[in-house]
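> This is the structure I want to talk about, given as structure tokens.
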Amino acid sequence: MSSDTERRSGLSPDETFAILGHETRLAILSELWDLDDPLDDPDSTFERKALSFADLRKRVGMRDGSQFNYHLTQLVGPFVRQTDEGYALRRAGWQIISTILAGTLTDEVVFDAEPIDDPCPRCGGQVVLDHGTNRSPEGLLIRCTACEGNYDFPEIPSGVLMRIGMLPPAGVSARSVTEMYRKLLTWKKHRLLMRIEGVCPECSGEIAVIPLICEDHVVGDGQVCPNCDRTVEIQFKSVCSVCKGAWQLSTGVHMLQHPTVTAFYHDHGYDPWGHKWPRLATETIADQTVVSEDPLTIEATVVIDDDQLAVTLDEEGTVVDVQT
Ligand SMILES: [Zn+2]
Ligand SMILES: [Zn+2]
Ligand SMILES: [Zn+2]
């Protein structure tokens, strides 16, 4: 067998799929994963527990020792570590099996629409948390029961104020709608922070930022501009160079990377990470302009009551200056 360090790096996706594409190998990872229970075991260390060859084979339920050895050998190195005590999960093995298990706990989320306290910012009507529909199946919706909402697209049901996506399956099970919604806001907050700070939340890869500026921006209340299909004239497109994840984020979201900006919102009674954050930019950013083309520099003014904050961002959407 080749040594652990020789085999641990440099697997291509094809090799990874080939190694994992067998139920016995997934069963081995699953049995090793079952060994650790950090919640029940206050003395657990960072070392994952190990099983001897014989015990592992028994737990997986394979009689043929040489066949079992063949499958186990495929995993040793990249996914499983061989120690004096036996076999234990490596980090990559743990990630693979926990992703598989977390992704198979629940299917589609369906529940009764639940009222939330905040009135509709458009009409003052009752707002509810709702799940997606056949026309717009992706995740939780914040929907007004009294007006037509913020979107004028045929694929989005009437009344929708915001679509906020959904937690992975593990985050959905055993939570009420309201809890799920609150955890979803937390989940989104940290993923957004990762993006605007240049780390891909899917894979931790490097993020490239492309500024998108609409030269001829025209937009009415709650509508999108016919020239750029967006509500705000300046956006930053973030693309992960590794996994191809791509997002478009406004100047208003990008400036939340700076503590002075979040403190300003907090001091004026706004929770910048609450469910109103997509509207925060349109409601509180009075002006945003390109003040220099090369290098690209953008200045945005946040105005709440009589106070204002001038925020300068560079071509990557990084805040380079804040003036009160
Ligand atoms: Zn409304
Ligand atoms: Zn536009
Ligand atoms: Zn990525």
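> What's the number of the only condition in (1) within 30 Å of Leu296 (Cβ to Cβ); (2) touching a residue at least 60 places away in the same chain (Cβ under 8 Å); (3) among the aliphatic types (A, V, I, L, M) that Val219 fails to meet?
All conditions pass for Val219, except number (2).
> If the Cβ limit is 9 Å and pairs must be 6+ apart or interchain, which residue in region 76-90 that is under 14 Å from Arg57 (Cα atoms) and surrounded by fewer than 22 Cβ atoms within 10 Å (Cβ to Cβ) pairs with which residue that is of a type in the set (A, V, I, L, M) and at pLDDT below 90?
Filtered contacts from region 76-90: Ala88/Leu35.
> How many of the residues in region 220-247 are of a type in the set (S, T, N, Q), loosely packed, with under 15 Cβ neighbours inside 10 Å and within 16 Å of ligand 3 (Cβ to nearest atom)?
Looking only at that region, the number is 1.
> State the number of residues belonging to region 41-82 that are of a type in the set (Asp, Glu) and either part of a helix (DSSP H, G or I) or modelled with pLDDT of 90 or more (or both).
2
> Taking region 115-128 as the search range and keeping residues that are modelled with pLDDT of 90 or more and closer than 19 Å to Tyr181 by Cα, which one is surrounded by the fewest Cβ atoms within 10 Å (Cβ to Cβ)?
Applying the filter and picking the extreme gives Pro115.
> Okay, moving on. Among the numbered conditions (1) under 17 Å from Leu249 (Cα atoms); (2) at pLDDT 85 or above; (3) buried (at least 16 other Cβ atoms within 10 Å of the Cβ); (4) aliphatic (A, V, I, L, M), tell me where Met162 comes up short.
Here Met162 meets the rest and fails (2).
> Pairs under 6 Å by beta carbon, first residue among the hydroxyl-bearing types (Ser, Thr, Tyr) and away from ligand 3 (no atom under 16 Å from the Cβ) in region 145-166, partner at pLDDT below 85 and not in a loop (DSSP other than H, G, I, E, B), six or more apart or different chains?
That search, which allows pairs on different chains as well, returns nothing.
> Testing Ser292 on (1) modelled with pLDDT of 90 or more; (2) within 26 Å of the chain's Cα centre (by Cα), one condition comes back false. Which one is that?
(2)
> Quick check on Val209: is it closer than 26 Å to Ser158 by Cβ and more than 16 Å from ligand 1 (Cβ to nearest atom)?
Criteria not met by Val209.
> Go through (1) part of a loop (DSSP other than H, G, I, E, B); (2) surrounded by 15 or more Cβ atoms within 10 Å (Cβ to Cβ); (3) modelled with pLDDT under 90 and name the single condition Pro201 misses.
Of (1) part of a loop (DSSP other than H, G, I, E, B); (2) surrounded by 15 or more Cβ atoms within 10 Å (Cβ to Cβ); (3) modelled with pLDDT under 90, only one is false for Pro201: (3).
> Let me ask you something else. Would you be able to tell me the number of residues in region 200-239 that are out of contact with any Leu (no Cβ under 9 Å at 6 or more places or on another chain) and under 24 Å from Ala92 (Cβ atoms)?
Total satisfying the criteria: 7.
> To continue, here is another question. Regarding Trp273, is this residue touching a Ser or Thr at 6+ places or on another chain (Cβ under 7 Å) and more than 11 Å from ligand 2 (Cβ to nearest atom)?
No.
> Then there's this: Of all the residues that make up region 140-158, how many are more than 8 Å from ligand 1 (Cβ to nearest atom) and of a type in the set (S, T, N, Q)?
Adding up the residues that qualify gives 2.
> List pairs: first residue in region 302-322 and free of Cβ contacts under 8 Å to residues at least 24 places away in the same chain, second residue assigned to a loop (DSSP other than H, G, I, E, B) and surrounded by fewer than 17 Cβ atoms within 10 Å (Cβ to Cβ) anywhere in the structure, Cβ distance under 9 angstrom, at least six positions apart or on different chains.
Cβ pairs passing all conditions: Gln308/Thr324; Ala310/Thr324; Asp314/Pro295.
> Looking at (1) loosely packed, with under 15 Cβ neighbours inside 10 Å; (2) modelled with pLDDT under 90, which is the only condition His217 fails?
Against the list (1) loosely packed, with under 15 Cβ neighbours inside 10 Å; (2) modelled with pLDDT under 90, His217 comes up short only on (1).
> Oh, and also: Checking the conditions here, which among Thr251, Thr231 is more than 11 Å from ligand 2 (Cβ to nearest atom) and either touching a residue at least 60 places away in the same chain (Cβ under 8 Å) or closer than 24 Å to Pro272 by Cβ (or both)?
Answer to the check: Thr251.
The values are calculated or read from the model by the stated rules, or taken from the named source; none is laboratory data. Nothing here was measured: the structure is a model prediction, and the numbers come from that model. Please note: Cβ atoms are built from the backbone with ideal geometry, for glycine as well, and neighbour counts cover all protein chains shown.
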